[in-house]
Amino acid sequence: MKFVALFSSQFQIGFVARVFDFLFADGSIALFKISLAILYVHKAILLTCDTFESIVNHLKSIIPEMSLIECELIISKAYGNQSNSLTENLHED
């Protein structure tokens with residue numbers, strides 16, 4: 001449940017709402033998928049970090065300031081086309 005606290009306190013509310021949508025639909029696996037997608041999207045920058053402290057600094061300071069486009073890219077990487085079908089199904093109900 002620490003991942004839930006991380007997502008709810010460190011990211012923009014719109015992104016957090018999407019994460020919670022997937023959490024309620026898929027369970028805790030959603031948090032791992034989205035976490036891995038975050039790391040994948042920032043892979044190039046993280047690989048240039050030469051110390052553990054610089055990696056942690058990036059994760060703590062830059063990632064929470066992600067743009068809306070980056071947030072959508074992360075959802076897309078984690079769920080592909082499922083992200084649209086989930087939100088469409090929610091709107092239909």
Restricting to the range 1-24, and then to whatever is open to solvent by 60 Å² or more (accessible area, probe 1.4 Å) and farther than 21 Å from Asn57 by Cα, can you tell me which residue is modelled with the lowest pLDDT?
Met1
Enumerate the pairs (first residue in the range 9-36 and free of Cβ contacts under 8 Å to residues at least 12 places away in the same chain; second residue anywhere and surrounded by fewer than 16 Cβ atoms within 10 Å (Cβ to Cβ) and hydroxyl-bearing (Ser, Thr, Tyr)) with beta-carbon separation below 7 Å, excluding pairs fewer than 6 apart on the same chain, so at least 6 apart or on different chains.
Val16/Ser8
Among the numbered criteria (1) open to solvent by 50 Å² or more (accessible area, probe 1.4 Å); (2) modelled with pLDDT of 85 or more, which single criterion is violated by Ser54?
(1)
Please go through the range 40-51 and pick out each residue that is open to solvent by 80 Å² or more (accessible area, probe 1.4 Å) and under 11 Å from the mean Cα position of the chain (by Cα).
Tyr40
Could you please let me know if Ile75 is within 13 Å of the chain's Cα centre (by Cα), in a helix (DSSP H, G or I) and either on the phi < 0 side of the Ramachandran plot or modelled with pLDDT of 60 or more (or both)?
yes
So is Leu90 out of contact with any strand residue (DSSP E or B) (no Cβ under 6 Å at 6 or more places or on another chain), open to solvent by 40 Å² or more (accessible area, probe 1.4 Å), in a helix (DSSP H, G or I) and modelled with pLDDT of 90 or more or not?
no
Considering Leu31, Leu47, which residue is within 21 Å of Ile13 (Cβ to Cβ) and assigned to a helix (DSSP H, G or I)?
Leu31
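The values are calculated or read from the model by the stated rules, or taken from the named source; none is laboratory data. The structure displayed is predicted, hence computed values, not measured ones. Quick reminder, even Gly has a Cβ in these numbers, built from the backbone with ideal geometry, and neighbours come from all protein chains shown. All accessible areas refer to the heavy atoms of the entire protein, side chains included, with ligands and DNA or RNA removed. Shrake-Rupley method; radii C 1.70, N 1.55, O 1.52, S 1.80 Å.
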